[in-house]
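The values are calculated or read from the model by the stated rules, or taken from the named source; none is laboratory data. Just so it is clear, the structure is predicted and the values come from calculations on it, not from any experiment. Glycine gets a Cβ as well: all are built from the backbone with ideal geometry, and neighbour counts include every protein chain shown.
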Amino acid sequence: MTNSLRIGVVFCSVLLSTHAAGQNIDTLWSGSCASCHGDKGQGKTAASLLTKEKRDLSLLRPFFDTIKGGSASVKDHAFGQGQGALDDKQAYALVAFIREQQENARYNAGEVAKAKDGVYTSQHHRYRMERVVNDGLSTPWAIEFLPDGRMIIANKTGKLVTTKDGKTLTTVQGTPVVVDDGQGGLMDIALHPEYAKNGWVYLSFQHGEPKKKGMTKLVRGKVTGEGEALKWTDEQVIFEAKPEHYLGAGGVHFGSRTVFQKHADGKWCVFFSIGERGRMEMAQDVTRPNGKVHRLYDDGTIPADNPFLDNARAYPSIWSFGHRNPQGLVFDLDGKLWDTEHGPRGGDELNLVEKGRNYGWPLVSFGINYSGDPFRTPWPDLASADVQAKNIAMPTFVWLPSIGACGLDVSTGGAFPGWKGDLFAGGLSGGNVDRIRVRDGKVLEREEILKNVGRVRDVRVAPDGAVYVVLNQSDIVVRLVNADAK
Ligand code: HEC
Ligand SMILES: [Ca+2]
């Protein structure tokens, strides 16, 4: 005991001396940059880095290049060269530092989505935020709209409830036993696209043994009965990990969202996501279920054209890998699959999810370590030949700093015709909802439409086009309604 303790201490001090002071972004910045750029990038002998024009995300790479090597207009700025030079990950971490300062400056200047006399004004629509469900919820995670106008809400604690006209009506009895621990519990609920005909309801949750082991599992079942007597029946397992791949209960990064699309053969497929459970290296390992988007037929069988069937040890349901914690998943109106996922400190991503592709975590990342220590660079062309060979799919959009991306849906127009086809992405730590218009793989418009509303757990567009937002702390559901509707 004493021995191992001593070894521990020695080991730590070795680590400390190799990670010499100056590694952390704050010390790197104050030591090498603040003398000209000011302590927060506000400018001193050099101009401010915090202006609106410099907040453009397309400048991340130019900033990195200027920090490392200067540029035609910025001489004597090659901090990546010579003695005591910054390495690539340090130079990139300073870009992340600048982005954090820029976001603080935006926030402090009050340039955030806010209502005036209850009305928000945005690029295409004016809207109001209304409360829909005020009480009876316990960390609501996801909502669905039943054909008869009720909502059905999955709460992380395991409670599945229906609501109507703002009131919690009924708790569905006999739903799966969930392990509500750490970031996992009851998570997504999704209705089968032909729910009106077949009644299938899909639930994802942390399955396992409390305090021992857990992994994301997907089942389907039916909610039967009427009024006060709703029951969960006919349960079938759609996806379950191999027992040896369950990890410690609780902890982080469970995913998990569930969406549907028709296969070319005419049968429905279900796509769902599992986070890497804080075991980043496993995101690259297709013999593990975590850090993946999976595709199965709606009954849990495996389509014959899934991408990893040649590898006998791989999970046959894997559709894409290298994901960190995908907590938003949606098919857009063109049938393209998008995810939003959490980065570490910085670097939340919006990805176009394609068959068999590698989304890069943890080989490349737009984020840094939570401690402020540099992590990696986002760009495979700067990484080792091994990383370059992995043909990593880069995000279409990045939130840097992070919003804690959670919940993603597409507008079908309706009450908000000017938003038709746009993506709506929520943020837990950001307390925000962003509207994103993507065309031909490029972000044409990005706009914060809500801010400071609480932790946004889910965003759902109702059949009538109203945008519903599920909040945690307080646990309520709100919706956006068109302020100009007649
Ligand atoms: C000796 C003064 C000095 C130091 C030290 C310095 N810079 Fe600069 N930096 C400048 C000047 C001057 C410019 C040109 C733009 C301007 O006038 O502000 C510039 C430009 C930049 C730009 C590009 C801005 C743009 O609009 O394209 C970035 C990013 C940047 N510096 C980051 C850093 C970082 C990070 C450090 C610390 C490693 C650093 N700088 C250290 C003086 C300095
Ligand atoms: Ca990625």
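Quick grid of which residues meet (1) within 30 Å of Asp484 (Cβ to Cβ); (2) in a loop (DSSP other than H, G, I, E, B); (3) of a type in the set (Val, Ile, Thr):
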| residue | (1), (2), (3) |
| --- | --- |
| Thr340 | yes, no, yes |
| Glu354 | no, yes, no |
| Ser365 | no, yes, no |
| Asp381 | no, no, no |
| Val398 | no, no, yes |
| Ala415 | yes, yes, no |
| Gly421 | yes, yes, no |
| Ala425 | yes, no, no |
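Just one of (1) of a type in the set (Ser, Thr, Tyr); (2) within 11 Å of ligand 2 (Cβ to nearest atom); (3) outside the structural domain of Asp310 (by TED's automatic domain parsing) fails for Ser320. It is (3). Residue pairs whose Cβ atoms lie under 7 Å apart, separated by 6 or more positions or on different chains, with the first residue in segment 444-456 and on the phi > 0 side of the Ramachandran plot and part of a loop (DSSP other than H, G, I, E, B) and the second crowded, with 18+ Cβ neighbours inside 10 Å and of a type outside the set (A, V, I, L, M), are Asn452/Gly431; Gly454/Gly431; Gly454/Asn472.
Screening Asn432 on (1) crowded, with 21+ Cβ neighbours inside 10 Å; (2) outside the structural domain of Pro326 (by TED's automatic domain parsing) shows it passes everything except condition (2).
Condition check ((1) β-branched (Val, Ile, Thr); (2) without any contact (Cβ under 8 Å) to a residue 40 or more places away in the chain; (3) farther than 24 Å from Gly372 by Cβ) across all residues:
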site	(1), (2), (3)
Ser32	no, no, no
Leu50	no, no, no
Pro62	no, yes, no
Gly70	no, yes, yes
Lys75	no, yes, yes
Glu100	no, no, no
Gly110	no, yes, yes
Lys114	no, no, yes
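Selection over segment 34-48 of residues that are closer than 17 Å to Pro62 by Cβ and free of Cβ contacts under 8 Å to residues at least 40 places away in the same chain gives a count of 4.
For first residues located in segment 350-370 and closer than 22 Å to Leu444 by Cβ, partners that are assigned to a loop (DSSP other than H, G, I, E, B) and within 16 Å of ligand 1 (Cβ to nearest atom) and lie 6+ apart or on another chain with Cβ distances below 7 Å form the pairs Phe366/Gly346; Phe366/Pro378; Phe366/Leu400.
The selection criterion, being part of a loop (DSSP other than H, G, I, E, B), farther than 13 Å from Gln206 by Cβ and of a type in the set (D, E, K, R), does not hold for Asp234. Of the candidates Leu94, Leu60, the single residue that is in a helix (DSSP H, G or I) and within 16 Å of ligand 2 (Cβ to nearest atom) is Leu60. With respect to Asp386, is the statement that it is in a loop (DSSP other than H, G, I, E, B), away from ligand 2 (no atom under 12 Å from the Cβ) and either within 30 Å of Ile25 (Cβ to Cβ) or without any contact (Cβ under 8 Å) to a residue 12 or more places away in the chain (or both) true? For Asp386, the condition - in a loop (DSSP other than H, G, I, E, B), away from ligand 2 (no atom under 12 Å from the Cβ) and either within 30 Å of Ile25 (Cβ to Cβ) or without any contact (Cβ under 8 Å) to a residue 12 or more places away in the chain (or both) - is not met. For segment 110-151, filtering for residues that are of a type in the set (A, V, I, L, M) and in a loop (DSSP other than H, G, I, E, B) leaves 5. Hey, does segment 77-88 have a residue that's in a helix (DSSP H, G or I) and surrounded by fewer than 16 Cβ atoms within 10 Å (Cβ to Cβ)? No; the residues of segment 77-88 include none that is in a helix (DSSP H, G or I) and surrounded by fewer than 16 Cβ atoms within 10 Å (Cβ to Cβ). Just for segment 66-76: of the residues that are surrounded by 15 or more Cβ atoms within 10 Å (Cβ to Cβ) and not aliphatic (A, V, I, L, M), which one is nearest to ligand 1 (Cβ to nearest atom)? Among those residues, the one meeting the criterion is Thr66. Evaluate the following for Phe97: is it near ligand 1 (Cβ under 10 Å from one of its atoms) and either in the same structural domain as Ala466 (by TED's automatic domain parsing) or touching a Lys or Arg at 6+ places or on another chain (Cβ under 7 Å) (or both)? So Phe97 does not fit the description; no.
Each residue in segment 152-210 was checked for being assigned to a strand (DSSP E or B) and of a type in the set (Val, Ile, Thr), and 10 pass.
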